[in-house]
Each structure stands twice: as C-alpha cells, then as structure tokens.
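A quick write-up on the structure given underneath.
The values are calculated or read from the model by the stated rules, or taken from the named source; none is laboratory data. Computed from a predicted structure; not experimentally measured. When we count neighbours, we look across all protein chains shown, and the Cβ atoms used for this are built from the backbone with ideal geometry, even at glycine. With ligands, DNA and RNA removed, areas are computed over all heavy atoms of the protein, side chains included. Shrake-Rupley method; radii C 1.70, N 1.55, O 1.52, S 1.80 Å.
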Amino acid sequence: MKRYCFALDLINDEKLIEAYKEYHEAVWPEILESIKSAGIEELEIYLLGTRLFMIMDVNDSFSLEAKAKADLENEKVQEWETLMWNYQKALPGAKPGEKWIMMENIFKL
C-alpha cells in the first residue's frame, strides 16, 4: 500500500471553518464512492488552525492521474469541489487553481 500526504489552507474565518468541518461530518455519498472506487483505502484530514493535512493510503490500482481525470468527469465531484473552494485557500506558491499540494516525505521510522 502506498501513502500520499497533501496540504491545503482554509480561509481564516471561524464560521467558514466550522461550516467546512460540518460538511466533512456528512460527506456526500457520491464523494465517498468516488474516493473508494479510485483505490483509496483510507483517507483522513487533520486541521491545525487554518492548515489542512490529508493522508491517503491507496491500493495498487490507484493512480493520481486517473483519479484527477475521473473527478473532472464526475458532475457531483465537481459540485463538491466548487462548494469546498468557498472555504479553502491555496497554499503560498500554489499554481493557479491548484488546491491540495502533495507533501514531500522527509523522514520515516
């Protein structure tokens, strides 16, 4: 199994952050299905202040490129992503439109 870790920021607004957390307490079933069907076995998101940290454990069938392509073709995923962008803020140095940025693993025990 392979692990990917990503970071993203939220807009620094307490009400928006609470709303974002509430959405993630009841993620739409179509979003959960798109995650599972892509080969993502485990997915967790952590929050510290405005910084989000996502950990994805994926099986051998998973491909970042295939997941990105499937997401672009999935109307419900696009609706979710558009909605979430109301709460999210690109990291410093992100390319235009870039959301979650893959983190570099620099240590493993």
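Just a few scattered comments:
- Measuring between alpha carbons in the structure, the pairs from LYS21/LYS69; LYS15/LYS108; LYS67/LYS108; LYS69/LYS108; LYS15/LYS69 lying more than 28 angstrom apart are LYS15/LYS108; LYS69/LYS108; LYS15/LYS69.
- Charged-residue dipole, Cβ positions (Lys, Arg, Asp, Glu), the chain about Cα centre, Debye nearest 20: 400
- Carbon and sulfur %, accessible surface of segment 55-95 computed with the full protein complex present, 1.4 Å: 52
- Solvent-accessible area per residue, Å², over the chain with all protein chains present [probe radius 1.4 Å]: 71
- Alpha-carbon Rg with Dmax, taken over the chain, Å: 14.0, 41
- Long-range HN-HN contacts of LEU91 with modeled amide H, under 5 Å: ASP9
- Estimated from the Cβ-Cβ distance and a Förster radius of 30 angstrom, the FRET efficiency linking HIS24 and LYS2 is about 0.80.
- If the chain linking LEU43 and ILE106 were pulled fully straight, counting 0.36 nm for each residue of separation and taking away their Cα-Cα distance, it would gain 20.6 nm.
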